[in-house]
Amino acid sequence: MGQFQLYFQLGIQHILDLDGFDHILFVVALCAVYVLRDWKKIIILVTAFTVGHSLTLALATLNVVKVNTDLVEFLIPVTIGITALSNIFKPKPSTGRGVQINYLFALFFGLIHGLGFSNYLRSLLGREASIFEPLLAFNIGLEVGQLVIVAIFMVASSILVGIIGINRRDWALVISSIVLGMSIMMMIDTKFW
């Protein structure tokens, strides 16, 4: 297996790993207020997250940025909780032309999530001559994995909201409340305390 394919698959597995479901929760929280026709906004959200994730993943892997791992592991569920709480207070996306707060959440919180995986990726890379190709492959895999989560969630949303007739606002509130509850449990379980 080539190096690019190896790190691409690692990126997909990182996002879709059910044992480390924090990324799945975050992507679901980001998408909870949208419907399928908002697919362009959703792709921008996912890409903003990937950009943030990629930036700090690269900086931390290159030892430019060093952070307390326990603090990052605590901040990851905090980012999920803030996103879900924001959805509860504003269960519909704004329709204005300005930058929506969810885009900023995705970018900024992607920075934090990238730090969480950097130590593991650094150990995998070892003494690679160049980390550009592995990082690129990993982040493309990450983006593809996120799009898989988005597709599954948006199909479920479309069926429940569009076909079965569940109220869109109620759907966003229920999903966001579940994600908020799970993120609070993750915060409590971290070693940071």
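In table form, for the structure just shown:
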read-out: Odd one out for Q100 among (1) within 19 Å of L142 (Cβ to Cβ); (2) in contact (Cβ under 8 Å) with a residue 24 or more places away in the chain; value: (1)
read-out: Criterion violated by V150 - all others in (1) more than 20 Å from I44 (Cα to Cα); (2) touching a residue at least 24 places away in the same chain (Cβ under 8 Å) satisfied; value: (1)
read-out: T50 vs. criteria touching a residue at least 24 places away in the same chain (Cβ under 8 Å) and in contact with an Asp or Glu (Cβ under 6 Å, 6 or more places away or on another chain); value: yes
read-out: In the stretch 55-73, residue nearest to H23 (Cα to Cα) [restricted to those that are open to solvent by 30 Å² or more (accessible area, probe 1.4 Å) and in a helix (DSSP H, G or I)]; value: E73
read-out: Single residue of the stretch 28-43 satisfying the filter (closer than 19 Å to M182 by Cα and in a helix (DSSP H, G or I)) that is most open to solvent (accessible area, probe 1.4 Å); value: V28
read-out: Residue in the stretch 83-91 that is in contact with a Ser or Thr (Cβ under 7 Å, 6 or more places away or on another chain), part of a loop (DSSP other than H, G, I, E, B), crowded, with 17+ Cβ neighbours inside 10 Å and at pLDDT 80 or above present; value: no
read-out: Odd one out for Y7, checked against (1) over 19 Å from I101 (Cβ atoms); (2) assigned to a helix (DSSP H, G or I); (3) open to solvent by 20 Å² or more (accessible area, probe 1.4 Å); value: (3)
read-out: Some residue of the stretch 44-53 being under 19 Å from S86 (Cα atoms) and surrounded by fewer than 19 Cβ atoms within 10 Å (Cβ to Cβ); value: yes
read-out: Every residue from the stretch 11-27 that is of a type outside the set (D, E) and open to solvent by 30 Å² or more (accessible area, probe 1.4 Å); value: I12, Q13, H14, L16, L18, F21, I24
read-out: Residues being touching a residue at least 60 places away in the same chain (Cβ under 8 Å) and over 27 Å from D170 (Cβ atoms) - total across the stretch 11-47; value: 7
read-out: Matching option when the condition is surrounded by fewer than 21 Cβ atoms within 10 Å (Cβ to Cβ), modelled with pLDDT of 75 or more and in a loop (DSSP other than H, G, I, E, B), among S130, S94; value: S130
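Every residue, every condition in (1) open to solvent by 20 Å² or more (accessible area, probe 1.4 Å); (2) out of contact with any helix residue (DSSP H, G or I) (no Cβ under 6 Å at 6 or more places or on another chain), yes or no:
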{"residue": "I112", "(1), (2)": "yes, no"}
{"residue": "G116", "(1), (2)": "yes, no"}
{"residue": "S123", "(1), (2)": "yes, yes"}
{"residue": "F138", "(1), (2)": "no, no"}
{"residue": "V144", "(1), (2)": "yes, no"}
{"residue": "F153", "(1), (2)": "yes, no"}
{"residue": "I159", "(1), (2)": "yes, yes"}
{"residue": "R169", "(1), (2)": "yes, yes"}
{"residue": "D189", "(1), (2)": "yes, yes"}
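The values are calculated or read from the model by the stated rules, or taken from the named source; none is laboratory data. Given the structure is predicted, the values throughout are model-derived calculations rather than measurements. With ideal geometry, Cβ positions are generated from the backbone for all residues, glycine too; neighbour counts draw on all protein chains shown. Protein only, heavy atoms only, side chains kept; ligands, DNA and RNA dropped before computing areas. Shrake-Rupley method; radii C 1.70, N 1.55, O 1.52, S 1.80 Å.
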